[in-house]
Amino acid sequence: MKLIVVISTVIFFAGICSGKVLLKEEKEDDSMAEKVCEMCVSLITKATTQIIEHEDDFKQNGGKICDVVTLGNDELDKKCHEIITDKVDQIITLVKSADSPKDVCVAINIC
């Protein structure tokens, strides 16, 4: 009987500990998602004039804006370059239709 109580207690605490680990990982994922969203809004905000006035330059040099808005964060920089590469035409269309930077990032599924 004592053995069953001990095993049940161990299983109970293991479940609590693993739940805390999962919650921590979820919070870290949420935090990174928030950072990527903020980076996207900053990217669109800084690039709006270039996108409207010099669309081709943005297509070729948009990655340089990533270097500025990510402030040396390698993970964000990689994501920023992916956004520029994968969604540049969609970004240009949305910016030219006068959507806000946040709306653009929501529309391209970043926020």
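Just so it is clear, none of the values below were taken in a lab; they were calculated from the coordinates. If you're wondering where the values come from, they're calculated on a predicted model, not measured in any experiment.
Some notes on this structure:
- Computed over the range 32-107, the P(r) tail beyond 14 angstrom holds 53 percent of alpha carbon pairs.
- Non-local lysine pairs in the range 32-107, meaning eight or more places apart or on different chains, with alpha-carbon distances under 19 Å, amount to 25.
- For the range 32-107, the relative contact order comes to 43 percent (Cα pairs under 8 Å, sequence separation of at least 6).
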